[in-house]
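The values are calculated or read from the model by the stated rules, or taken from the named source; none is laboratory data. Quantities reported herein were computed from a predicted structural model and do not represent experimental measurements. Neighbour counts run over all protein chains shown; Cβ positions are idealised from the backbone, glycine included.
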Amino acid sequence: STKTAIRGAMLTFKKDPFFHDMSECMVYESDAIVVMEDGKIVQAGAASQILPTLGDVPVKAYTDSIIVPGFIDSHVHYPQTEMIAAYGEQLIDWLNNYTFIAEQGFASKDHAAEVAEVFIKEQFRNGVTSSTVYCTIFPQSVDALFEEAAKHNMRVMAGKVCMDRNAPPELLDTAQRAYDESKALIQKWHKNGRAEYVITPRFIPTSTPEQMEAVGALAMEFPDTLIQSHVSENVNEVAWVKELCPEAQDYTDAYAKYGLLRDRAIYGHGIHLTERELNVFSETGAAIAHCPTSNFFLGSGCLNVKKLKNADRPVRIGLATDLGAGTSFSILQTMNEAYKAAQMNNAPYSSLHAFYLASRGTAEALRLSDKIGSIEPGMEADLAVINLKSTPIIDYRMRYAKSLEEVLFIQMTLADDRAIAATYVAGKEVYAAQ
Ligand code: GUN
Ligand code: FE
């Protein structure tokens, strides 16, 4: 085994600053070294302390840069890579007119493998080192993504989408097939290397009660797998769910009665959740994936992060792109749009809060914060290096920045893929700028 090291400014978090003093949460070093060995971080801290212990370990130095935990995208649809920026409709029409066409192509393993390669390469260009991914109903589309991730030793969480109603017949399975195919994929991929399986009923409108029952039984059999779905994204969708499930108290209850809300469960959007539903999320430990670029693009609304971050009934939040309804692979751009959504709710939060959400916060939402999302010895060596002067206007603006908070705010507002100087996955450089 060989050690390698990188040097630059470093930012990481230990606790949630929405609930604790920032001074207890944040760790910042203006000149740090991070030492990696066998895919793990073995040392991280002030360069002055670590340098004398390094011997002949090679150190790659990044100037005008900040080393952060690799970004985690907690809700993303890789099959929609080919249809990002599909013009002009809200959720239900957009699904029918674009998504359910594109996803049919994933019956072809070759096509799936091609898209998986483009998708993961683009994530690395954006400093994304881990993600929670929707595939399609075709098991071969799940294999394609896990196989591509395994080539890079990437921590990826993914699952076969289950749907047995309200979609074209080519995209429907059945309750039994959803159960059998998901179970076979769990046995093949769950905890295989850094892979984790995610039980993935798409959302209430596309699964019959029989399928929800089957998926709930599977989730019970495999209590340590993640569950993912969509909830309360669009007001017309919420009304449709009410019609489809008249016996459920609300959208959240329609999932909860099948045991699909639990510690390791993450639901995309949650914009229009009621106080009752937020209480259920808090009690069960299920998380919300905040997808601001998607919420703006489809006209879905603005999630109020601070409302979820209520100490009396805290709800975990992960940041997510939700491509291809989301419009950028960049988590910096996702933070930018999340800030604007917060402004629309009259409830903004600082850049430090935003960087927490994008790193440790998302890892906590996925219950993976013992492995990823912070820079500390023992954590997996997934890192992103942000060049703080990546464009002429950012370079110029940075001359007037007076604090770390301001530097980070400039980055999350103005920077994008051009700011990623390097990306490390399991201790290996998987992307370097130019
Ligand atoms: N709800 C159900 N499926 C989807 C999807 O693919 N994208 C988004 N944004 N919402 C959904
Ligand atoms: Fe989604």
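Quick check, is Ala401 at positive phi, in the same structural domain as Ser23 (by TED's automatic domain parsing) and surrounded by fewer than 21 Cβ atoms within 10 Å (Cβ to Cβ)? If you could, list the steps in order and put the result at the bottom.
Details: at positive phi: no; in the same structural domain as Ser23 (by TED's automatic domain parsing): yes; surrounded by fewer than 21 Cβ atoms within 10 Å (Cβ to Cβ): yes.
When the stated conditions are applied, Ala401 does not pass them.
Could you please give the count of residues in the range 230-255 that are more than 15 Å from ligand 2 (Cβ to nearest atom) and part of a loop (DSSP other than H, G, I, E, B)?
6
Does Gly259 satisfy the condition of being away from ligand 2 (no atom under 16 Å from the Cβ) and not polar (S, T, N, Q)? Steps first, please.
Working: away from ligand 2 (no atom under 16 Å from the Cβ): yes; not polar (S, T, N, Q): yes.
Yes.
Does any residue of the range 203-215 turn out to be of a type in the set (Gly, Ala, Ser), at pLDDT 95 or above and within 16 Å of ligand 2 (Cβ to nearest atom)?
The answer is yes, given that some residue of the range 203-215 is of a type in the set (Gly, Ala, Ser), at pLDDT 95 or above and within 16 Å of ligand 2 (Cβ to nearest atom).
Need pairs with beta-carbon distance below 7 Å; first residue under 20 Å from Ala265 (Cα atoms) and within the range 288-311, second assigned to a helix (DSSP H, G or I) and within 11 Å of ligand 2 (Cβ to nearest atom); sequence gap 6+ or separate chains.
Pairs found: Leu303/Asn295.
If you take the residues in the range 404-434 that are under 27 Å from Pro377 (Cα atoms) and aromatic (Phe, Trp, Tyr), which one is surrounded by the fewest Cβ atoms within 10 Å (Cβ to Cβ)?
Ranking the qualifying residues of the range 404-434, first place goes to Tyr431.
Return the total of residues in the range 163-190 being touching a Cys at 6+ places or on another chain (Cβ under 7 Å) and under 23 Å from Val241 (Cα atoms). Write out each step before concluding.
Taking the range 163-190 first, the residues touching a Cys at 6+ places or on another chain (Cβ under 7 Å) are 173, 178, 182.
Narrowing the set further to residues that are under 23 Å from Val241 (Cα atoms) leaves 173, 178.
Of the residues in the range 163-190, 2 are touching a Cys at 6+ places or on another chain (Cβ under 7 Å) and under 23 Å from Val241 (Cα atoms).
When you scan the range 91-159 for helices (runs of 4 or more DSSP H) that lie fully inside it, which ones turn up with 1 or more residues that are away from ligand 1 (no atom under 16 Å from the Cβ) and not small (Gly, Ala, Ser)? Can you show your working first?
Numbers: elements: 91-94, 109-125, 139-151.
It comes to 109-125, 139-151.
Only one residue in Thr334, Thr327, Thr362 is surrounded by fewer than 22 Cβ atoms within 10 Å (Cβ to Cβ) and either β-branched (Val, Ile, Thr) or within 16 Å of ligand 1 (Cβ to nearest atom) (or both), so which one is that? Don't jump to the end; show me each part of the working.
Values: Thr334 fails: surrounded by fewer than 22 Cβ atoms within 10 Å (Cβ to Cβ); Thr362 fails: surrounded by fewer than 22 Cβ atoms within 10 Å (Cβ to Cβ).
Just a single option satisfies the conditions, and that option is Thr327.
Using the structure shown, decide if Lys109 is modelled with pLDDT of 95 or more and farther than 27 Å from Pro168 by Cβ.
Answer is no for this residue.
Out of curiosity, is Phe222 of a type outside the set (Val, Ile, Thr) and within 16 Å of ligand 2 (Cβ to nearest atom)?
When the stated conditions are applied, Phe222 does not pass them.
Give, as residue ranges, the strands (runs of 3 or more DSSP E) completely inside the range 265-319 that count at least 1 residues that are touching a His at 6+ places or on another chain (Cβ under 6 Å) and within 12 Å of ligand 2 (Cβ to nearest atom).
Strands (runs of 3 or more DSSP E) meeting the threshold: 265-269, 287-290.
May I ask you to list the residues in the range 176-229 that are hydroxyl-bearing (Ser, Thr, Tyr) and either within 16 Å of ligand 1 (Cβ to nearest atom) or outside any helix (DSSP H, G or I) (or both)?
Those that are hydroxyl-bearing (Ser, Thr, Tyr) and either within 16 Å of ligand 1 (Cβ to nearest atom) or outside any helix (DSSP H, G or I) (or both): Tyr197, Thr200, Thr206, Ser207, Thr208, Thr225, Ser229.
Go through the residues of the range 242-258 one by one and say whether even a single one is within 13 Å of ligand 1 (Cβ to nearest atom), surrounded by fewer than 20 Cβ atoms within 10 Å (Cβ to Cβ) and either at pLDDT below 95 or not β-branched (Val, Ile, Thr) (or both).
no
Among the listed residues Leu261, Leu172, identify the single one that is in contact with a helix residue (DSSP H, G or I) (Cβ under 8 Å, 6 or more places away or on another chain) and on the phi < 0 side of the Ramachandran plot. If you could, list the steps in order and put the result at the bottom.
On the way: Leu172 fails: in contact with a helix residue (DSSP H, G or I) (Cβ under 8 Å, 6 or more places away or on another chain).
Testing whether each residue is in contact with a helix residue (DSSP H, G or I) (Cβ under 8 Å, 6 or more places away or on another chain) and on the phi < 0 side of the Ramachandran plot leaves just Leu261.
Residues that are without any contact (Cβ under 8 Å) to a residue 12 or more places away in the chain: list the helices (runs of 4 or more DSSP H) wholly contained in the range 343-434 that include at least 1 such residues.
392-398
Sort out which residues of the range 367-396 are among the hydrophobic types (A, V, I, L, M, F, W, C) and closer than 20 Å to Ile41 by Cα, and write them in order of number.
Selection gives Leu368, Ile372, Ile375, Met379, Ala381, Leu383, Ala384, Val385, Ile386.
Being over 22 Å from Gly105 (Cα atoms), buried (at least 20 other Cβ atoms within 10 Å of the Cβ) and touching a Phe, Trp or Tyr at 6+ places or on another chain (Cβ under 8 Å): is that true of Ala167 here?
Spelling it out, it is not the case that Ala167 is over 22 Å from Gly105 (Cα atoms), buried (at least 20 other Cβ atoms within 10 Å of the Cβ) and touching a Phe, Trp or Tyr at 6+ places or on another chain (Cβ under 8 Å).
What number of residues within the range 29-72 are assigned to a strand (DSSP E or B), surrounded by fewer than 17 Cβ atoms within 10 Å (Cβ to Cβ) and without any contact (Cβ under 8 Å) to a residue 40 or more places away in the chain?
3
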